[in-house]
Ligand code: G16
């Protein structure tokens, strides 16, 4: 039977509901799990074609990350562990939306456009999160791969960043690391332990961290990793999936958007805590002060901590490397101000979505990228890595330079450069705090966030909203940006923008201002403007 006959036959087992149209969003396809079987099969096909054209292993991760348990989704991973290229996102949408009888034609169209050599071997790595629907959906991906004669390796339950890591290890023939979950723990934990040895007088209290696993895959993986940490970090794990529902009242997205601690976690004053999201590619930190006030340290604070640490090390090592921080419109105005005016680092703003930030960060020797929601990592150019390595291996160096170079080298090894990774980011942050002898309160005090609020508005079709200037201004529907401009002028130090979500069926509203009341009022007023001008449904938003 030819491969196309096999695709035809197998696609009958994974039929597309007629008329269903789904878009490749911020991080792949994402919707209710019941609607995704055909998408998964077809992404198995697409990943196989991508593997044939790149002559490399491709990754497919079945997850809906921060979305509720009943949703699911798929993220495609390119050879170096990065998100799939924009051209292939277009193919993904075409293939996903081809009606059943048009599937072969859509497939052949891609083969022709990309001149795919169908006799080339293909290899696809597949991973999944802990959702109830993930096992069935990842089987559909595997069916897609085998229908086109590709080879697959099923990693089973892994975090999204772990799958990205495996793909990169495989395609660099092990130079980036060993393509096993065990190899991942070994590389990251060994680097973490070496970094931690540079912390003087670290008490047991300072080595303790409370982790909210969002009742997801991150919790399982933290447990698996613990023995590799050799007691250099003591983790108390909450929301480990044994009782609660995935992402429900917990996890990084809940903590960031609600600005409150997750349920199911006991927090003592001053204690360091962090939350992962549902596939462990985001992390936010927080603590409660002695008055019981909650303090959030989001992706902006993480980016500031990491870039300060790196900048200090570069100075000590005498290395002239250009460091930049990449943010999105959600970055708190205070963070951008601090980075540009106090730290004097270059700051770039891109559209939401790791793929955009990752790309921008690649333009620098060292690119630190973080979304405010805690999604991010650090990229080192090849040249920067080589300079650091040469210095670390130079035996004639004086102590301070040598120490800085070795710290930089171990920092590179603790980081998962393929994509934002909650586990890797956690280890890096813990090491930095220990080395600097810094409490979470001192970290928080580096700058003070402007009060802010994020809201969601339901509209009948969120595509009516179009944006420009890295999503900071709306170009449609008519009158919306003018309305936002007028509202913003009413408040001091205010800023607001709206954008259609690429992962949920909502429009997101962000507002910040001098006081929390002003930020709340502005967010509400902007939500009303969206509701009235962009076809709101389900009743006007109520004041907070
Ligand atoms: C995904 C993307 C992130 C993005 C988030 C929200 O995160 O990877 O870059 O910030 O969705 O996107 P949107 O506002 O378009 O819904 P995750 O962790 O859910 O995969």
Spin-label pair residue 532/residue 2, simplified geometry with 7 Å Cα→Cβ offset, distance in nm: 6.1 nm
Centroid-to-centroid separation of segment 100-133 and segment 500-517 [C-alpha atoms, Å]: 36 Å
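Please compute the length gained on full extension between residue 243 and residue 468, using 0.36 nm multiplied by the number of residues separating them and subtracting their Cα-Cα distance. The partial results should precede the final answer.
Working: separation 225, 0.36 × 225 = 81.00 nm, distance 4.32 nm.
This chain segment gains 76.7 nm when fully extended.
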Peptides 155-161, 44-50, 320-326, 399-405 ordered by average Cβ neighbours within 10 Å, highest first: 44-50, 155-161, 320-326, 399-405
Residue list for segment 398-427, given a label point 7 angstrom along the Cα-to-Cβ vector of residue 197 and an amide N cut-off under 19 Å: 398-415, 427
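Sum -39500 (n - 2.57) across every DSSP H segment of at least 4 residues in the chain, then divide by the residue count to get the 222 nm mean residue ellipticity, nearest 500.
Values: 18 runs with 218 residues, N = 544.
Rounded to the nearest 500, the figure is -12500 deg cm²/dmol.
By per-residue mean of other Cβ atoms within 10 Å, what is the highest-first order of 110-119, 383-392? Each step should come with its number before you reach the end.
Details: 110-119: 13.3, 383-392: 16.6.
The packing order, highest mean first, is 383-392, 110-119.
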Rg/Rh (Cα only; Kirkwood hydrodynamic radius) as it applies to segment 430-503: 1.17
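Thinking of the chain as a set of Cα atoms, what percent of all their pairs are more than 37 Å apart?
Details: 44847 of 147696 pairs.
Value for the chain (Cα pairs over 37 Å): 30 percent.
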Cβ-Cβ FRET estimate between residue 342 and residue 492, R0 fixed at 25 Å, reported to 0.05: 0.75
Whole-angstrom gap from segment 279-350 to segment 376-435, using each part's C-alpha centre: 17 Å
Neighbour-count order for 309, 276, 41, 4, fewest beta carbons within 10 angstrom listed first: 4, 309, 41, 276
Contour minus Cα-Cα distance for residue 108 and residue 396 (0.36 nm per residue): 97.7 nm
Simple label model, 7 Å out from Cα along Cβ direction - residue 439 to residue 257, nm: 3.3 nm
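By how many nm would the segment from residue 175 to residue 475 grow when fully extended, if each residue of separation counts as 0.36 nm and the alpha-carbon distance is taken off? Working shown, then result.
Working: separation 300, 0.36 × 300 = 108.00 nm, distance 4.56 nm.
Length difference between fully extended and current span is 103.4 nm.
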Centre separation in Å (Cα based) which lies between segment 452-483 and segment 220-256: 35 Å
Label zone at residue 516, where the point sits 7 Å out along the Cα-to-Cβ direction: segment 275-291 residues whose backbone N lies under 18 Å: 285-291
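Take the alpha carbon gyration tensor of segment 158-268, find the square roots of its eigenvalues, order them as a ≥ b ≥ c, and report rounded if a/c is under 1.5; if not, report prolate when a/b exceeds b/c, else oblate. Please report the intermediate quantities before stating the final value.
Working: a/c = 2.35, a/b = 1.26, b/c = 1.86.
It comes out oblate by the Cα gyration axes.
Every read-out reported here was derived from the displayed coordinates using simple, explicitly stated rules and does not represent laboratory data. A quick note: this is a predicted structure, and the numbers were derived from the prediction, not measured. We place every Cβ from the backbone using ideal geometry, glycine too, and count neighbours over all the protein chains shown.
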